[in-house]
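Reviewing the structure listed below.
The values are calculated or read from the model by the stated rules, or taken from the named source; none is laboratory data. As the structure is a prediction and not an experimental result, all values here were calculated from the model. When we count neighbours, we look across all protein chains shown, and the Cβ atoms used for this are built from the backbone with ideal geometry, even at glycine. These area figures cover heavy atoms from the full protein model, side chains too; ligands, DNA and RNA do not enter into them. Shrake-Rupley method; radii C 1.70, N 1.55, O 1.52, S 1.80 Å.
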Amino acid sequence: MDKVKETFDSKGRKIHYGVGAVIRNENGEYLLIDRAVEPYGYGCISGHIHEGEKPEEALIREVEEESGLKVVKHKLILEKVFKKRKCFLGDIDHYGYIFVCEVNGKIKPNPEEVKSIGWYTKEEIDMLKLEPVWKEFFNNMETI
């Protein structure tokens, strides 16, 4: 496994870096996965940035790894620290970059990381058990 990009804050607490991909189709539905690894729950495709990797490179890699889709266009819409975000490496603050993406290709989920993948309306998303970061995102988002 590649080393996760990390730094430390002024109090010596570890910070990881990550990306998230908000993918919406022509019907206004969002592509969500049900995670097979922590943090469990539904959410947009996301993952850690590796050492030496730019956020855009991690975005393209994560979308392809988890869904089989290719990112053809992306735009950064949010950059912030997510406090005590649970991941497979523990409860750690994450500096996150959230992108809106256009993709192409055929969905081929990675069973090691994804229990299920599908398109959901905003109303359907409100009924799902979302991973905490994505719950916060969808509760506070404006129409993209």
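Can you tell me which condition ILE33 does not meet? The list is (1) farther than 19 Å from PHE138 by Cβ; (2) crowded, with 20+ Cβ neighbours inside 10 Å; (3) of a type outside the set (S, T, N, Q), and all the others hold.
Tallying (1) farther than 19 Å from PHE138 by Cβ; (2) crowded, with 20+ Cβ neighbours inside 10 Å; (3) of a type outside the set (S, T, N, Q), ILE33 fails exactly one: (1).
Counting only residues that are in a strand (DSSP E or B) and among the small types (Gly, Ala, Ser), which one in region 36-60 is farthest from GLU124 (Cα to Cα)?
Result: GLY47.
Here is a list: LYS106, LYS54. Which entry is among the charged types (D, E, K, R), in contact (Cβ under 8 Å) with a residue 24 or more places away in the chain, out of contact with any strand residue (DSSP E or B) (no Cβ under 6 Å at 6 or more places or on another chain) and surrounded by fewer than 17 Cβ atoms within 10 Å (Cβ to Cβ)? Break it down stepwise before answering.
Numbers: LYS54 fails: in contact (Cβ under 8 Å) with a residue 24 or more places away in the chain.
After applying the criteria, what remains is LYS106.
Here is a list: VAL100, VAL133, VAL72, VAL63. Which entry is assigned to a strand (DSSP E or B), of a type in the set (A, V, I, L, M, F, W, C) and open to solvent by less than 70 Å² (accessible area, probe 1.4 Å)? Break it down into steps so the answer makes sense when it comes.
On the way: VAL133 fails: assigned to a strand (DSSP E or B); VAL72 fails: open to solvent by less than 70 Å² (accessible area, probe 1.4 Å); VAL63 fails: assigned to a strand (DSSP E or B).
Result: VAL100 is the single residue among VAL100, VAL133, VAL72, VAL63 that is assigned to a strand (DSSP E or B), of a type in the set (A, V, I, L, M, F, W, C) and open to solvent by less than 70 Å² (accessible area, probe 1.4 Å).
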